[in-house]
Amino acid sequence: MTALAVEAADGVPVMAGIGALRTAQVLAHAEEAQKAGASAVLLAPMTYQPLTEDEVFGLYEDVTRELSVPLCVYDNPRTTHVDFTDELHGRIAGLPNVAAVKIPPVPGDRAAARQRVAALRALLPETVAVGVSGDWSAAPGLNAGCDTWYSVIGGLFPRTALALTRAARSGDAEGALARSTRLEPLWELFRAHGGLRVVSAAAAQLGLAAEPNLPLPLRGLPADARRRLVTVLEDLELDATA
C-alpha cells in the first residue's frame with residue numbers, strides 16, 4: 001500500500017502509518033515503509049493490554065533505533081487508550097529521528113489553547129514540530145501556535161484546508177476561525193460519525209471513489225447522515241481539485 005501511495009503521490013512526500021500491537025510488527029511495517037520510499041512514518045502506540053509510560057517510551061526507543069526517516073508521534077487517546085503526559089512526550093522527543101508530535105484537539109478557549117500548546121512545546125526540542133488533529137480544532141490549534149494541521153479534509157479538499165492554514169500562519173486568526181466556522185456543518189458530521197466515514201462518503205458522492213471503500217468491519221455513513229452530507233457538500237461548494 002505504501003508503494004502505491006508513493007507512486008500516486010508523484011514526488012509529494014508520503015508519511016506512512018506503522019502502528020501495530022507488537023513491536024516486531026511495528027518494526028516490520030517501518031522497514032517496509034522505508035523500502036517503499038516513504039518520507040516519514042507515523043506511529044501510534046496500539047495496545048491490547050494497557051501500557052505503562054516506560055512501555056510506551058520503550059516502543060519508540062526500539063523503533064527509532066531502526067529508522068532512517070523522520071517519525072511523528074501520534075497522540076490519539078480516543079483510539080489507542082494511551083494517555084501521553086507532556087513529560088512522556090518530552091522523553092520521546094529526545095530520541096533520534098523524532099521530528100513531530102500529532103496532538104489531540106486543543107481546548108476551544110483561546111487562552112487555554114495557547115497554554116496547552118506552550119506547555120507541551122516547553123518540554124520539546126526546537127527541532128520537534130507540534131501539529132494538531134481533529135479538523136474542527138485546526139484553526140484554534142494553529143492560532144495557538146501549532147506548526148501544522150494533520151488534516152482529514154486536506155486529502156479531498158486541499159484548497160479549503162490550505163486557505164485555512166495560510167490564514168492562521170499569516171497571523172489572520174479571525175480569518176482562520178471564520179473559515180472554520182463556515183465548515184461547522186461538516187465538523188458536526190465529523191464529530192458524530194468520524195472523519196474517515198464522512199470523507200469516505202464524500203469521495204463517493206463526488207465520484208472520486210467507488211463504494212464500499214472502507215475496510216471491514218468499518219461501514220459507511222447511515223442513510224440519514226449520508227443525506228445530510230449531500231446537503232452540506234452542496235451548500236459549502238467545496239473544491240475537490242488539487
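Return the calculated 222 nm mean residue ellipticity for the chain, to the nearest 500 deg cm²/dmol, obtained by summing -39500 (n - 2.57) across DSSP H runs with n ≥ 4 and dividing by the residue count.
-14500 deg cm²/dmol
Using only the Cα atoms, work out Rg/Rh for the chain, with Rh taken as the Kirkwood radius, to two decimals.
Rg/Rh for the chain comes to 0.96.
Counting only protein chains, not ligands or nucleic acids, how are ARG116, ARG191, ARG169 ordered by accessible area (probe 1.4 Å), most first?
From most exposed to least exposed: ARG169, ARG191, ARG116.
Place +1 on the Cβ of every Lys and Arg and -1 on the Cβ of every Asp and Glu in the chain, take the dipole about the Cα centre, and give the residue among VAL117, LEU156, LEU43 whose Cα lies farthest towards its positive end.
LEU156
What order, most packed first, do the peptides 159-165, 222-228 have when packing is the mean number of other Cβ atoms within 10 Å of each residue? Display every interim value, and only then the final one.
Working: 159-165: 17.7, 222-228: 12.9.
Descending packing order for the listed peptides: 159-165, 222-228.
By the scheme Lys and Arg +1, Asp and Glu -1, what is the net charge of all other residues having a beta-carbon under 13 Å from that of THR23?
Its environment carries a net charge of -3.
What's the FRET efficiency of THR23 with ARG166 using the Cβ-Cβ distance as r and R₀ = 41 Å, to the nearest 0.05?
0.55
At a threshold of 8 angstrom on Cα-Cα distance, excluding pairs fewer than six apart, so keeping six or more, what relative contact order does segment 1-144 reach in percent?
Normalised by residue count, the contact order of segment 1-144 is 18 percent.
Could you compute how much accessible surface ASP109 exposes when probed at 1.4 Å, giving the result in Å² to the nearest 10?
Per-residue accessible area (ASP109): approximately 90 Å².
Using the crude model of +1 on Lys and Arg Cβ and -1 on Asp and Glu Cβ, and no other charge, please compute the dipole size for the chain relative to its Cα centre, in debye to 20.
Numbers: 21 positive and 28 negative charges, 89 e Å.
Charge dipole of the chain: 420 debye, to the nearest 20.
Taking the Cβ of LEU162 as the centre, find all other residues whose Cβ is under 13 Å away and add up their charges (Lys, Arg: +1; Asp, Glu: -1).
+3
Which order do the peptides 89-98, 208-217 come out in when sorted by mean C-beta neighbours inside 10 angstrom, highest first?
89-98, 208-217
Would you work out the relative contact order for segment 132-242, in percent, from Cα pairs under 8 angstrom that are 6 or more residues apart?
28
Might you report the magnitude of the Cβ-based charge dipole of segment 42-150 about its Cα centre, with Lys and Arg at +1 and Asp and Glu at -1, to the nearest 20 debye? Show your work: numbers first, answer last.
Numbers: 8 positive and 14 negative charges, 86 e Å.
About 420 debye.
When the accessible area of the chain is computed with all protein chains present and a 1.4 Å probe, what percentage of it is carbon and sulfur?
Result for the chain: 53 percent of the exposed heavy-atom area is carbon or sulfur.
Between GLN49 and LEU123, what FRET efficiency follows from the Cβ-Cβ distance if R0 is 35 Å, with the result rounded to 0.05?
Once rounded, the FRET efficiency stands at 0.85.
Which value in nm describes the separation of the simple spin-label points at GLU61 and ARG159, placed 7 Å from the Cα toward the beta carbon?
Using points 7 Å along Cα→Cβ, the separation is 5.0 nm.
Output the relative contact order of the chain, whole-number percent, from Cα pairs under 8 angstrom with separation of 6+ residues.
11
The values are calculated or read from the model by the stated rules, or taken from the named source; none is laboratory data. Predicted model only: the values in this text are computed from it and were never measured. Because the Cβ atoms are built from the backbone with ideal geometry, glycine has one as well, and the counts that use them run over all protein chains shown. Heavy atoms of the whole protein, side chains included, go into the accessibility calculation; ligands, DNA and RNA do not. Shrake-Rupley method; radii C 1.70, N 1.55, O 1.52, S 1.80 Å.
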